[in-house]
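The structure appears below as structure tokens.
The values are calculated or read from the model by the stated rules, or taken from the named source; none is laboratory data. Just so it is clear, the model here is predicted, and its values are computed rather than measured. In this analysis, Cβ positions are derived from the backbone assuming ideal geometry, glycine residues included, and neighbour counts consider all displayed protein chains. Quick note on the areas: whole protein, heavy atoms, side chains included, nothing else; ligands and nucleic acids left out. Shrake-Rupley method; radii C 1.70, N 1.55, O 1.52, S 1.80 Å.
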Amino acid sequence: MKIFNSLLLAYTVATTTAFSSSASPKRVTVFGGTGYVGSQVCERLIKKGYDVTAVSRRGENPKPSNDHLSQVNWVKGDATDKNVVKSAVKDCDAVVHAIGLLFDVDSGLTNLNTIVSGSGSQAGEESTYDNITRKTMFNVMDAIESRLSLPSFGGDNRVPVCFVSAAEAGWPDVTGGEFVESKFAPEWLRRYLIAKRAVESRLSESSKIRSCIYRPSLIWDWTKFDVLPVIPVFNIANKVGVPFVDKTVRVETLADAIVQGIEDGEVEGVQRFMQMEELASR
């Protein structure tokens, strides 16, 4: 009888903890926290009182003078390593995946990353789209899905996971998108989208994850001189109804929308620019 009571007590405590975490996530792990998007997310989470751990290859605060970012737990680690990811997510209530690289090691364009990357990230010898995007995110999902799962009794114990995808990942869903991709997309972009779509597909199938999939097109702020000239082109094309061109998204809007996705249990699935703008305005 004592053994039964002990087990019952342990189960009750665990269930209560699960309810608490589901209702109000407070510990968030951000993969790619030193990056252009990730650092903005980290700063906003700290301002809202979250306990934030940021995992990246550098593992250092990208803005040492920023008081909010100085409160982040910066961890140096390779997210392609399952053990690194498992350790980083074992106690967290929510996860953000903001690891990204526009030109991978096989693209032949890696030197351009110093120009187009908001954080100046460089491709390593094994930095393929499959490794950087699919493998790292699959490691996150594996780690979450291997955690102890308790009955929800009507609640939602799924872990909020925010994944930064790309607007072009949705080309098959819009008029003319598949044609543009098949006829005009360079080989490196096709591989980039294959990795993004693989993650999106698995996220949508997980019963332990509340997935928030963000599909921005160009992400920018006023310091991104490399994209500023083409922003009006994208925005005008979208405004006049070109179905396969999405409006650009400010990095602040994307970061605010990601935080809202963590906090609001009703946010789920694909978020295009219009949903991101709405979430960020709350």
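Leaving out ligands and nucleic acids, note down the accessible area per residue over the stretch 201-279 with a 1.4 angstrom probe, in whole Å².
On the way: 3660 Å² over 79 residues.
On a per-residue basis, 46 Å².
Per-residue HN-Hα couplings for the stretch 225-241, Karplus 6.51 cos²θ - 1.76 cosθ + 1.60 at θ = phi - 60°, whole Hz, x for Gly and Pro?
Working through the residues one at a time gives 5, 5, 10, 3, x, 9, 4, x, 5, 4, 5, 5, 4, 5, 5, 8, x Hz.
On alpha carbon coordinates alone, what is the Rg over Rh value for the stretch 41-93, Rh being the Kirkwood radius?
With Rh from the inverse mean 1/r over Cα pairs, Rg/Rh is 0.98.
Can you list the lysines whose alpha carbon sits under 29 Å from that of Lys208, skipping same-chain ones fewer than 8 residues off?
Partners within reach: Lys26, Lys47, Lys48, Lys76, Lys82, Lys86, Lys90, Lys135, Lys196.
5 Å is the cut-off here: which amide hydrogens, built 1.01 Å from N in the peptide plane, fall below it relative to Ile209, excluding neighbours closer than 5 in sequence?
Excluding prolines and chain starts, which carry no amide H, the hits are Val159.
Express the C-alpha Rg of the stretch 156-276 as a ratio against the empirical globular expectation 2.2 N^0.38 Å, rounded to two decimals.
The value comes to 1.10.
Rounded to the nearest 20 Debye, what is the dipole magnitude of the stretch 157-258 about its Cα centre when Lys and Arg each give +1 and Asp and Glu each give -1 at the C-beta?
260 debye
Ordered by packing density, taken as the mean number of other Cβ atoms within 10 Å over each peptide's residues, highest first, how do 134-145, 160-171 rank?
On the way: 134-145: 21.0, 160-171: 23.5.
Ranked by mean Cβ neighbours within 10 Å, highest first: 160-171, 134-145.
Would you please give the residues with an amide H less than 5 Å from that of Ser217, counting only those at least 5 places away or on a separate chain, with H modeled from the backbone geometry?
Residues meeting the amide H criterion: Ala167, Val249.
Once amide H atoms are placed 1.01 Å from N in the peptide plane, what residues at a sequence separation of 5 or more from Val270, or on another chain, have their amide H within under 5 Å of its amide H?
Residues meeting the amide H criterion: Ile213.
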